[in-house]
1. Quick check on this structure: which one of Phe241, Phe225 is in contact with a helix residue (DSSP H, G or I) (Cβ under 7 Å, 6 or more places away or on another chain) and surrounded by 12 or more Cβ atoms within 10 Å (Cβ to Cβ)?
2. Based on this model, can you work out whether Ile203 counts as in contact (Cβ under 8 Å) with a residue 40 or more places away in the chain, outside any helix (DSSP H, G or I) and surrounded by 10 or more Cβ atoms within 10 Å (Cβ to Cβ)?
3. Check off (1) more than 30 Å from Pro212 (Cα to Cα); (2) hydrophobic (A, V, I, L, M, F, W, C); (3) within 24 Å of the chain's Cα centre (by Cα) for Leu61 and give me the number that stays unchecked.
4. As an exercise: evaluate Lys32 against (1) modelled with pLDDT under 90; (2) under 25 Å from Pro247 (Cβ atoms); (3) of a type outside the set (A, V, I, L, M) and give the number of the one condition it does not meet.
5. Please tell me if Ile40 is assigned to a helix (DSSP H, G or I) and at pLDDT below 95.
6. Taking only pairs six or more apart or across chains, which ones have beta-carbon atoms under 8 Å, a first residue in region 171-195 that is within 25 Å of Gly240 (Cα to Cα) and assigned to a loop (DSSP other than H, G, I, E, B), and a second residue that is at pLDDT 80 or above and polar (S, T, N, Q)?
7. Assess whether Leu257 counts as being within 30 Å of Ser23 (Cα to Cα), outside any helix (DSSP H, G or I) and at pLDDT below 95.
8. When you scan region 207-217, do you find a residue that is surrounded by fewer than 19 Cβ atoms within 10 Å (Cβ to Cβ) and in a helix (DSSP H, G or I), even just one?
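The values are calculated or read from the model by the stated rules, or taken from the named source; none is laboratory data. The model shown is predicted, which means the values in this text are computed figures rather than measured ones. Positions of Cβ are backbone-derived with ideal geometry, glycine not excepted, and every protein chain shown enters the neighbour counts.
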Amino acid sequence: KDYEIGINGLYIGIMSEYGQHVSKALLWDYLKLKIKEFSIVFGIQHAQSKKDECKLLEQLLDDLDKKLAMRKDESVLHERKQVKQQLDEYYRKKAKGYQIRSRAKWVEEGEQSTKYFLGLEKSRQTFNCINSLQDRNGSTVTSDKEILDVAKSFYSHLYKSKSVSSTDMNAVFESIIPENVLTADLQEKCEGLISKDECMRAIKTMKRNKSPGLDGINIEFYEHFWPLVGDFLVDVFNEGFENGILPNSQRSAVLALIFKKGDLEDISNYRPISLTNVDYRILAF
């Protein structure tokens, strides 16, 4: 509730101060920056508050156990049960957080081990960190600059465009028989301005618990705050369509190399992925 109040106040304040003076694209990028900053501060404070609350509950549970060890009492038993339920809920949410970040595919039944999911999360971080690579000569390089040079050289060569004759290209295209072709009506629907209903359908269809892009705003945020930001975001999309260019944040992506299998020092065993911001995914869905 406090977070929701904070976001509402932030949005209203920014729109009131800058809404009539800058472009929608620029204002949207600024708004997302402020939402990210507010969310980070709020998250840190909330996490610390939960930790303090957990310590108090653990101490209370310990005190209740000492009382019960001396004398059985129904009121104390009832209080202990309530405290234990609160602690279990805290541990469950904590384990769920580790589970999401580790992308573990577990059926949510039985005991959930926070330590186990924390281990998975650290394991993923280890694999995602490239400490050394082999260059073309088979020598191992370890500095950041050398590792980046090896990766740049490999992918520049891998994705380098090659000259292909127009005759060969035409032969390939002419041999393709399309099975599904959009009708004129469907083609027209794919063009033009974006509607709020289209965006809402995209939001409801997209998967949850996925990593956001650089702006840090996930799909759950858009779903919850759609009544607040939906109209403005649709205006941003349509401004981009009319001007022929999207906001900077919607044209940005984070490129990461994901290890697949084999030798960790072989650059060919990594695959590049592009992590875009969620607002762009809504538009592209």
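1. Unique residue meeting the criteria: Phe225.
2. So Ile203 does not fit the description; no.
3. Unmet condition: (3).
4. The number of the failed condition is (1).
5. yes
6. Leu193/Asn238; Ile194/Asn238
7. no
8. Checked against the condition, which is being surrounded by fewer than 19 Cβ atoms within 10 Å (Cβ to Cβ) and in a helix (DSSP H, G or I), region 207-217 yields no hits at all.
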